[in-house]
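Student: Take a look at the following structure, please.
Where a number appears in this text, it was derived from the coordinates with a stated rule and is not lab data. The model shown is predicted, which means the values in this text are computed figures rather than measured ones. As a convention, Cβ positions derive from the backbone with ideal geometry for all residues, glycine included, and neighbour counts pool all protein chains shown.
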Amino acid sequence: MNSQEIMQILEERRTYRRFDEIRQIPDEVVADMKRAAQLASSAMNRQPLRYIYIRTPETVNAVFDITSWGGALPNGEGRPKAGERPTMFVAILSDKALQSKYTSFDEGLAASNLTLSAYAHGVGSCILGSVNADKLRDLLAIDDSLDISCVIGFGYPTHKSTVTEIGEDGDVKYRLDENRDYIVPKKKIEDTATEI
Ligand SMILES: Cc1cc2nc3c(=O)[nH]c(=O)nc-3n(C[C@H](O)[C@H](O)[C@H](O)COP(=O)(O)O)c2cc1C
């Protein structure tokens, strides 16, 4: 893969919130995702993270019910409707005994590797910090020795998402255009990066 292809994946690996619910994610894709998570850098190489791949439709639905989607959009427009839901969730957990002050770095890098490796196969994702952790713990029988970081929803996207430069008003809120495709404002490079 050349640098242009990598940059294209970074452009297109956006947050997706509507999926083709009848198209399952193949085992080969999930295998790549597991390997990608294993490859993620980890502070002091402690590797405190654990992953639960939720693929059984009833459990996927149960996890979906305890997540919140697209808080920036009015009238619940960001929440997938029936037929648009993710077909898989991955829960990211961390072993309390192995945590360090850098565990959130590990979680972010793992989420990045998971979503990028999925997107390399055309599988879109939405990282969901808004999950009811108590209910998730009960539902998946997660041991008390593990903290819950987030869940990530995965599926084949049925909409586009495009990054635009932030407007003069500085509003960072993403929005839907007339086709219900996502428009995601990003801060200007010159406002966030300096060189010396
Ligand atoms: C740590 C984290 C938590 C997030 N939690 C949620 C969430 O609970 N619900 C949701 O719809 N999107 C969630 N998102 C997605 C963000 O809204 C999204 O990344 C942001 O709007 C920018 O869009 P982009 O990912 O396409 O760049 C989360 C993203 C991150 C990184």
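Student: Quick one: order Glu21, Glu168 by neighbouring beta-carbon count within 10 Å, fewest to most.
Tutor: Ranked by crowding around the Cβ, least crowded first: Glu168, Glu21.
Student: Among DSSP beta bridges lying fully in the chain, give the percent that are antiparallel, nearest 5.
Tutor: Details: 23 of 29 bridges.
Taking every DSSP beta bridge with both residues in the chain, the antiparallel ones total about 80 percent.
Student: Continuing with the same structure: At 7 Å along Cα-to-Cβ for each site, give me the label-to-label distance between Asp171 and Lys186 in nm.
Tutor: Using points 7 Å along Cα→Cβ, the separation is 2.1 nm.
Student: Now, a different point. In whole Å, what is the distance between the alpha-carbon centres of segment 47-103 and segment 107-149?
Tutor: What the calculation gives is 5 Å, centre to centre.
Student: May I pose another question? Please order Met1, Met33 by the number of other Cβ within 10 Å, starting at the fewest.
Tutor: Met1, Met33
Student: Let me ask another. On a full-extension model of 0.36 nm per residue, what is the gain between Ser112 and Glu178, subtracting their alpha-carbon distance, rounded to one decimal in nm?
Tutor: Extra length from Ser112 to Glu178 when fully extended: 20.8 nm.
Student: Quote the charge dipole size of segment 1-105 about the Cα centre in Debye, to the nearest 20; the model charges only the Cβ of Lys and Arg (+1) and of Asp and Glu (-1).
Tutor: Dipole of segment 1-105, to the nearest 20 debye: 420 debye.
Student: Still on this structure: Would you check the chain for Lys pairs whose C-alpha atoms are within less than 23 Å, ignoring same-chain pairs closer than 8 in sequence, and give me the count?
Tutor: 12
Student: How large is the charge dipole for the chain, taken about the Cα centre, if only the Cβ atoms of Lys, Arg (+1) and Asp, Glu (-1) carry charge, to the nearest 20 debye?
Tutor: Charge dipole of the chain: 320 debye, to the nearest 20.
Student: Out of the chymotrypsin sites (Phe, Trp or Tyr not before Pro) in segment 91-165, which ones are loop residues according to DSSP with at most 15 other C-beta atoms within 10 Å? Intermediate values should be presented prior to the final figure.
Tutor: Working: sites: Tyr102, Phe105, Tyr119, Phe154; in loops: Tyr102.
The qualifying sites are Tyr102.
Student: Taking segment 44-88, which trypsin sites (Lys or Arg not before Pro) meet the DSSP loop condition and have no more than 12 other C-beta atoms within 10 Å? Walk me through the numbers on the way to the answer.
Tutor: Details: sites: Arg46, Arg50, Arg55, Lys81; in loops: Arg46, Arg55, Lys81.
Answer by residue number: Lys81.
Student: As a test of the formula, what do you get for the chain when each DSSP H run with n ≥ 4 contributes -39,500 (n - 2.57) and the sum is divided by the residue count, at 222 nm and rounded to the nearest 500 deg cm²/dmol? Provide the component values of the computation, followed by the final result.
Tutor: Details: 6 runs with 60 residues, N = 196.
Estimated from H runs of four or more residues: -9000 deg cm²/dmol.
Student: Let me ask you something else. For labels at Asp27 and Ser3 in the simple 7 Å Cα→Cβ model, what's the distance in nm?
Tutor: 3.9
Student: For an R0 of 45 angstrom, estimate the FRET efficiency from the Cβ-Cβ distance between Asp138 and Thr194 and round to the nearest 0.05.
Tutor: 0.45
Student: Give the order of Lys101, Lys96 when sorted by the count of other beta carbons within 10 angstrom, beginning with the fewest.
Tutor: Ascending Cβ contact count within 10 Å gives the list Lys101, Lys96.
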